[in-house]
1. Per DSSP helix of 4 or more residues, -39500 (n - 2.57); summed, then divided by the residues of the chain. What does that give at 222 nm, rounded to the nearest 500?
2. FRET efficiency for Lys61 and Asp303, Cβ-Cβ distance as r, R0 = 22 Å, nearest 0.05?
3. If the chain between Asn225 and Asn196 were fully stretched, how many nm would it gain, using 0.36 nm times the residue separation less the Cα-Cα distance?
4. So, with +1 on the Cβ of K and R and -1 on the Cβ of D and E, and no other charges, what is the size of the charge dipole of the chain about its Cα centre, to the nearest 20 debye?
5. Output the peptides 169-175, 293-299, 319-325 sorted from most to least packed, where packing is the average of other Cβ atoms within 10 Å over each peptide's residues.
6. Quick check: net charge around Ile92, other residues with Cβ under 11 Å of its Cβ, Lys/Arg +1 and Asp/Glu -1?
7. What shape does the range 274-335 have by the C-alpha gyration tensor, where a ≥ b ≥ c are the square roots of the eigenvalues, rounded means a/c under 1.5, and otherwise prolate means a/b greater than b/c and oblate the rest?
8. Give me the net charge of Thr58's neighbourhood, meaning all other residues with Cβ under 11 Å from the Cβ of Thr58; Lys, Arg count +1, Asp, Glu -1.
Amino acid sequence: MKLLLLVLFSNFIISCNSTQNTTKPKKTNVDYANTITAQELKKHLYIYAGDEMEGRMTGTKGQQMAADYIRNFYKAEGILPAPGTTNYYQEIPGSFFDRRKNAQPSENVAAYIKGSEKPDEVIVISAHLDHVGMDEDGNVFNGADDDGSGTVSILEIAQAFQQAVKEGNGPKRSILFLNVTGEEIGLYGSRYYTENPLFPLENTVCNLNIDMIGRIDPEKKDTPNYLYLIGSNKLSQELQDVSTEVNNTYTNLELDYKFDDPNDPNRFYYRSDHYNFAKNNIPIIFYFNGVHADYHKITDTPDKIEYDLMAKRAQLIFLTAWEISNRDQRISLNK
């Protein structure tokens, strides 16, 4: 009898050890951030900023192809269309582009991950999907950095969040992946969204806007491990504090706030899609690498992109969104 009990006990111990050895540890935010890779970003961008997209001018065939590329990616990943869209599209009538002659309809592309605990609170991650088209000689303005870099970064960020969802680690708050049209011709897509929001603006926690994160400012050529952040404390010092803490913990980029200077002649704070959210008292961060010699030229091509650096910047944005979406308390506005 003693021998039988000893055998059974030994088998029990072996069984327990075997179970422990095969149980995988729960993945962390860093594990998901590391799925955002230079290789994947490059693969997307060579397509998205290729000549076939004809420069993605708002309302053209090339811009529609770009919107389709984004939508098809979300579909393939199983990321749902945002409520209120038509198969991921928030359709914008041509009449909305009121300063354009013969304006054609266009669309924002919006995908959505529902929060597990606070689904009514929404973090918007945005980038503009359009560029400036072609010149009279048929040369394509590829817009690899502006804003192909932001667009494909959103795709990779969305994929990382969706992988977390599949493994039971989804965000507590909802995430809206918003690819807006019409930025280059007047911030139209983001203005249309804020005037016709898919989620109430008062429930929008913040907007993280990505517009050009694939290149190096010539002034930073000797210190390229940087990213310009614009507007991050104008409405919420807590948002900037969270951003800083995340960066110091994980990515260790130099976060440069030089363009927050009210006297900066570039006035970048007013020149990308975050501004339409900020006008509605929604905290924002505008992520930006600065301008360069290829800005708005036919030479802004995918071969000029610093993919490793771009991946690191995109990982920072993902990790910031992760932290904001999973905090116990919603980030607060300045008093």
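The numbers here are math on the coordinates, done by the rules we state, and not lab data. Bear in mind that the values here come from a model prediction, so they are computed numbers and not experimental data. Note: ideal-geometry Cβ built from the backbone for every residue, glycine included; neighbour counts use all protein chains shown.
1. -10500 deg cm²/dmol
2. Once rounded, the FRET efficiency stands at 0.35.
3. 6.7 nm
4. Around 1320 debye, computed over the chain.
5. Top to bottom by mean Cβ count within 10 Å: 319-325, 169-175, 293-299.
6. -2
7. In terms of gyration-tensor shape, oblate.
8. Result for the neighbourhood of Thr58: -2.
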